[in-house]
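Down below is the structure, laid out as structure tokens.
The values are calculated or read from the model by the stated rules, or taken from the named source; none is laboratory data. Just so it is clear, the model here is predicted, and its values are computed rather than measured. Here the Cβ is made from the backbone with ideal geometry for all residues, glycine too, and neighbour counts use every protein chain on show. Quick note on the areas: whole protein, heavy atoms, side chains included, nothing else; ligands and nucleic acids left out. Shrake-Rupley method; radii C 1.70, N 1.55, O 1.52, S 1.80 Å.
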Amino acid sequence: MPYRKDLHQGKFIPKNSKKYVGDSRQIVYRSGYELKFMNWCDMNPDVMSWSSESIIIPYRSPLDKRIHRYYVDFYVNIKGKSYLIEIKPSRFTKPPEPRKRTKKYLEEVAQWGVNEAKWKSAKEYCLDRGWEFKIITEKELGISYK
């Protein structure tokens, strides 16, 4: 079944609420990608615990040089190994292709710079704790747009 982009924001109700770290009645998904990942965390027997937007990492924005707060999408513990997970469409995991300097292009470049700063801080945060930072896209989630 093709992925539908139009229906994905809401509250997630886990079937295995004991695995969720935090208030399992307040889990919010902001995309279909996040919903799919939440279902995977909830139903996968290898996932010992997980949470959504529970880890906040400071990062310095390249735009204003100020410290901001990065709410990482997920914390997941899989068989004793901890991960921070960011869910993103693959097109946002690489810099935009150079093209005419339109407003849209400049916004994409700015967003790429902010994402890079966030991800660098997340990698350092994980390194300090013996965790791993991963970016998961539609490819890893098995979502297609056919």
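In table form, for the structure just shown:
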item	result
Rounded to 5, percent antiparallel among DSSP beta bridges of the chain	75 percent
Per residue accessible area in Å² of the chain, where ligands, DNA and RNA are left out and the probe is 1.4 Å	65 Å²
Dipole magnitude of segment 4-146, debye to nearest 20 (Cβ charges: Lys/Arg +1, Asp/Glu -1, about Cα centre)	400 debye
Listed residue (59, 48, 111) projecting farthest to the positive dipole end of the chain, Cβ model	111
Amide H within-cut-off set for residue 87, under 5 Å, with H built and near neighbours excluded	73, 136
Over segment 3-92, equivalent-ellipsoid semi-axes from the Cα gyration tensor in Å	24, 17, 12
Degrees, to the nearest 10: 32-43 long Cα axis against longest axis of the chain	30 degrees
Cα-Cα over 24 Å, subset of 15/81; 79/118; 81/134	79/118
Accessible surface of the chain [probe 1.4 Å, protein heavy atoms]: carbon and sulfur percent	53 percent
GNM result for the chain, Cα springs below 10 Å: residue of 42, 64, 73 fluctuating most strongly	64
With DNA, RNA and ligands ignored, accessible area of residue 72 (1.4 Å probe; Å², nearest 10)	0 Å²
Cα long-axis angle, helix 103-129 against the chain (0 to 90 degrees, to the nearest 10)	50 degrees
Dipole of the chain, positive end: most advanced residue of 80, 21, 142 [Cβ charges, Cα centre]	142
